[in-house]
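The structure appears below as structure tokens.
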Amino acid sequence: MNKHQAIMATYPSVGVIRGDDAFDAQGNPVVYSEATVQAYIDAHAYIEKRQKEYPPMTDYLDGIAKGDQAQIAKYIADCQAVKAKYPKG
């Protein structure tokens, strides 16, 4: 997640961001807290980390198509290991 995404998520009145300046839909400046934005980024950092390490979903679908319960169980275990490695916020 980048700073602009975090600003948009934490300040719903923001309609556009130019550089480090945020504006509402009417073009009025919106003052935001750098600390709040950074806290939001930090609290959601686990999402990108998990996405990079999750096994491909095709492994799960392949297991389903083949009826291979061991493959399905391995996929689920691998996902649970990633979740444990990167807990939510």
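Hey, among Ala25, Ala65, Ala73, Ala43, which residue is in contact with a Gly (Cβ under 7 Å, 6 or more places away or on another chain) and farther than 19 Å from Met1 by Cβ? Among Ala25, Ala65, Ala73, Ala43, only Ala25 is in contact with a Gly (Cβ under 7 Å, 6 or more places away or on another chain) and farther than 19 Å from Met1 by Cβ.
Tallying residues that are among the polar types (S, T, N, Q) and surrounded by fewer than 15 Cβ atoms within 10 Å (Cβ to Cβ) within the range 6-24 yields 1. Listed by position, the helices (runs of 4 or more DSSP H) contained in the range 25-89 that have at least 2 residues being surrounded by 14 or more Cβ atoms within 10 Å (Cβ to Cβ), in contact (Cβ under 8 Å) with a residue 12 or more places away in the chain and touching an Asp or Glu at 6+ places or on another chain (Cβ under 9 Å) are 69-85.
Just so you know, all these numbers are worked out from the coordinates, no wet-lab data involved. Note that the coordinates shown come from a computational prediction; the quantities given were computed from them, not determined experimentally. With ideal geometry, Cβ positions are generated from the backbone for all residues, glycine too; neighbour counts draw on all protein chains shown.
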